[in-house]
Amino acid sequence: VHDTLVARRIASVYIDKARLEGDSIKMARGYSRLSFVSKYEEALKYLDTTILLSKNGNHKNFPTIGYLFKSLYLYNNESYEESLRNAIFGYQYAKEKGNVEQQITALHQINGINELWGDYNKTLEAEQLTYNLLQENKNINRYYELYQSSVEGLGKCYVRLKKPDSALYFFQKGIERSLQAKDTATYHAFVSRTGTALYIQGNYAAALDSLNKADQYRDFFISSYPIYYNYYVGSIYHDLGREAEAMAHFEAVDSIYEQHQ
């Protein structure tokens, strides 16, 4: 609480100083900072002010920052349509100002919503845009991380669209890049992803092998990994007619849901 109060005070002083100087971009930055330490409704109002103050300026980061944070807050509050609208505005401003990293951030937020709605064709379009941007801008910050996220996203789309060959092509790119970087955890994450494409392909033995080989690294994976792992392993056993083993994995998914809702 003390840290929040201090942060609010610093942001307020920053805004007052910027107002005296007549610097609308500095004021916009101050209001965006104020939103970070505010409750939901108040944060949205501060971000609206950020956008309003910087909409007609030439700064490369504004008003995109306002739109992207507003999109994120709305998403976390399950206001998905409004979140998508703000992410699209953010993308348009980032594109207009040639800010590649912000374009990619906006596309990731757009993808997140389309994926949630199950619109994998639209997700694929945005993932392809992201991948193309990265191919043209290999010197940007966090290139490796963004590239790996992009090829994983493309692979996941193709798995959901039941196009396993295309999925395997992109997962292989992630495997190759992680081997070059000696990034063991990411390598195994892609091995696990490969298992899902092999499952769609009907290559059950290879799919199980990949999923189980990667599972020893589960502590390094995202928190939703156990659901994903048990769902796919359970599905393989179900398709093989090994119902008792399938049920054990499906019950594990159910148990995780009961525990974490």
Rounded to whole Å, √(5λ) for the Cα gyration tensor eigenvalues of region 149-232, largest first, gives 17, 15, 11
The answer for the per residue Cα convex hull volume of region 10-140, in Å³, is 102
Using a 1.4 angstrom probe on the protein heavy atoms only, could you order Ser24, Ser210 from most to least accessible area? Ser24, Ser210
Sorted largest first, the Cα spans of the chain on the principal axes come out in Å as 72, 42, 33
Of the candidates Leu146, Tyr158, Ser12, the farthest towards the positive dipole end of the chain (Lys/Arg Cβ +1, Asp/Glu Cβ -1, centred on the Cα centre) is Ser12
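How big is the charge dipole of the chain about its Cα centre, in debye rounded to the nearest 20, if each Lys and Arg gets +1 on its Cβ and each Asp and Glu gets -1 on its Cβ?
Details: 29 positive and 31 negative charges, 238 e Å.
Dipole size: approximately 1140 debye.
Taking the highest mean first, how do the peptides 170-182, 192-204 order by number of other beta carbon atoms within 10 angstrom per residue? Don't skip to the end; give the middle numbers.
Details: 170-182: 17.2, 192-204: 21.4.
By packing density, highest mean first, the sequence is 192-204, 170-182.
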Stokes-Einstein D (µm²/s) once Rh is taken as the Kirkwood radius of region 201-261 over alpha-carbon pairs, at 25 °C in 0.890 mPa s: 204
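In what sequence, highest mean first, do 92-105, 244-257 appear when ranked by Cβ atoms within 10 angstrom? Could the numbers behind the result be given before it?
Details: 92-105: 18.4, 244-257: 14.1.
Taking the mean over residues of other Cβ atoms within 10 Å, the ranking is 92-105, 244-257.
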Average silhouette area of region 89-234, convex hull of alpha-carbon atoms, in square nanometres: 8.8
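Going by average Cβ neighbours within 10 Å, how do the peptides 137-147, 37-47 rank, with the highest at the top?
Going from most to least packed, we get 37-47, 137-147.
The values are calculated or read from the model by the stated rules, or taken from the named source; none is laboratory data. These numbers were taken from a predicted model, which means no experiment stands behind them. We place every Cβ from the backbone using ideal geometry, glycine too, and count neighbours over all the protein chains shown. Accessible surface areas use protein heavy atoms only, side chains included; no ligands, DNA or RNA. Shrake-Rupley method; radii C 1.70, N 1.55, O 1.52, S 1.80 Å.
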